[in-house]
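Engineer: Take this structure, written in structure tokens, and hold onto it; I'll ask about it next.
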Amino acid sequence: LFRKTSPTVIFDESFSRLDADRLGGLMKLTRALSSGGVQGVVLTSGPREAETMKSVGDYNVILMD
């Protein structure tokens, strides 16, 4: 389906039940995929994922009030 471009991967509260170690591992994987051209979008209601991404690398945060 995607021979020329990679699709965007969207996670909607996918990490809410993970412990800190597993969350860190998945954030590192998401970061590695983004360096290969895959864009990852994480939708969450809490700050935990953004705090974890600070230790992983560059990211953008959009806050909706």
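Engineer: How do I62, I10 stack up against each other in accessible area, from largest to smallest, with a 1.4 angstrom probe?
Structural biologist: On the way: I62 150, I10 110 Å².
Most to least solvent-accessible, the answer reads I62, I10.
Engineer: If you count only protein heavy atoms with a 1.4 Å probe, what accessible area per residue comes out for segment 7-65, rounded to a whole Å²?
Structural biologist: With the other protein chains kept in place, segment 7-65 gives 76 Å² per residue.
Engineer: Using DSSP to call loops (not H, G, I, E or B), can you name the chymotrypsin sites (Phe, Trp or Tyr not before Pro) in the chain whose Cβ has at most 12 other Cβ atoms within 10 angstrom?
Structural biologist: Working: sites: F2, F11, F15, Y59; in loops: F2, F15, Y59.
For chymotrypsin sites (Phe, Trp or Tyr not before Pro) across the chain that sit outside H, G, I, E and B with at most 12 neighbouring Cβ atoms in 10 Å, the list reads F2.
Engineer: For the chain, with only Lys/Arg (+1) and Asp/Glu (-1) charged at the beta-carbon, what is the dipole magnitude about the Cα centre, in debye rounded to 20?
Structural biologist: On the way: 8 positive and 8 negative charges, 77 e Å.
Roughly 360 debye, rounded to the nearest 20.
Engineer: Same structure again: Compute the projected area of the convex hull of the Cα atoms of the chain, averaged over all viewing directions, and report it in nm² to one decimal place. Could the numbers behind the result be given before it?
Structural biologist: Values: hull surface 19.9 nm².
Orientation-averaged projected area of the Cα hull: 5.0 nm².
Engineer: Considering only protein heavy atoms, what is the solvent-accessible area of L18 at a probe of 1.4 Å, reported in Å² to the nearest 10?
Structural biologist: Solvent-accessible area, nearest 10 Å²: 50 Å².
Engineer: If I compute solvent accessible area with a 1.4 Å probe over the protein chains, what percent of it on the chain is carbon and sulfur?
Structural biologist: Result for the chain: 54 percent of the exposed heavy-atom area is carbon or sulfur.
Engineer: Can you tell which of S45, S35, L18 lies farthest toward the positive end of the dipole of the chain, using +1 and -1 charges on the Cβ of basic and acidic side chains (Lys, Arg; Asp, Glu)?
Structural biologist: S35
Engineer: List the residues, sorted by chain then number, that are 5 or more residues from V42 or on another chain and whose placed amide H is less than 5 Å from its amide H.
Structural biologist: Sorted by chain and number, the residues that satisfy this are F11.
The values are calculated or read from the model by the stated rules, or taken from the named source; none is laboratory data. This is a predicted model, so every value here is computed, not measured. Every residue, glycine among them, receives a Cβ derived from its backbone with ideal geometry; neighbour counts consider all protein chains shown. Only protein heavy atoms, including side chains, enter the accessible area calculation; ligands, DNA and RNA are left aside. Shrake-Rupley method; radii C 1.70, N 1.55, O 1.52, S 1.80 Å.
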